[in-house]
């Protein structure tokens, strides 16, 4: 058998997160006799997925974090890396903030086929966001393929005039894992001390400004005024976790919030929820919303999120500029009695990882051959 095609996946960190989870789902399902992944992460410590990635055959490399002042040393690090790894045939850049730096170097020193993959529809505020926009301004012309998870992400990363060059790649999931399981629902709720009388609003995501956890607490506060059995179940970790805990206590709803931290078996946690909440300031196309729908959960999302996330009739969109009480009304007035798995609907919409793994395997192989 010929040697597997080495595909380098470039990420910020190999931790549990949206893009990383989608990449690992793909890695688990792809034909690893033909396609093998390697990773570059921009952190020195081991990421949460690193052990698994290495067990599947990946090499995990570290690159220094990019700061504007280290532009030349950052570029030199990538130059040395590609010179040392001529075996890499494809470079798939999920970290688009610096992709315009490392993708041309991959082409020059490895003759690799290069992909820039837009996964977010926004940038940080201030100078960091300005620099990101500047670095992305010519990205569509510095790679062989432009991928995106949504129209909004395409425009944000590649610019409106380049949308025609961009290929839509669904944030596919292992749909069967997220199918509704009443027994797992009871087990997870028992583990976290949740009674069947409790109405659980769930959220999965990093504690970061973009996810708008502070607004979630305002929504919860309004819900509790009408139903004292409402709880907010937060799965994830991040820099704002302690701040959100403190805010919950100040609002007098600390006992109504469950901080579950990072969880590997996230598909089990959706079963314990009664409703899914995502009032983000921006997203690419949130995989969590796809997962929630597969689990049969009604969802309310910020209207700043692409409508492409609504692959079933379970999604409603609301403005984050309106009073939190209106979100609370939407949540509490929704009939959730007829919950059932919607994994078939999600699969039919093109979000099944097994089918995507087949397509991506073909794409990687064909383009690695053409670029030898």
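The values are calculated or read from the model by the stated rules, or taken from the named source; none is laboratory data. All of these numbers come straight from a predicted model, not from anything done at the bench. Cβ sites come from the backbone with ideal geometry, for glycine too, and all protein chains shown count toward neighbours.
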Query raised in the report: With (1) in contact (Cβ under 8 Å) with a residue 40 or more places away in the chain; (2) more than 28 Å from residue 22 (Cα to Cα); (3) surrounded by fewer than 22 Cβ atoms within 10 Å (Cβ to Cβ) as the list, and residue 268 as the residue in question, which single condition is left unmet?
Result: (2)
Requested in this report: Return yes or no: is residue 166 touching a strand residue (DSSP E or B) at 6+ places or on another chain (Cβ under 6 Å), at pLDDT 95 or above and closer than 25 Å to residue 22 by Cα?
Outcome: yes
Query raised in the report: Is it true that some residue in the range 225-246 is in the same structural domain as residue 338 (by TED's automatic domain parsing), more than 25 Å from the chain's Cα centre (by Cα), closer than 17 Å to residue 327 by Cβ and surrounded by 17 or more Cβ atoms within 10 Å (Cβ to Cβ)?
Result: yes
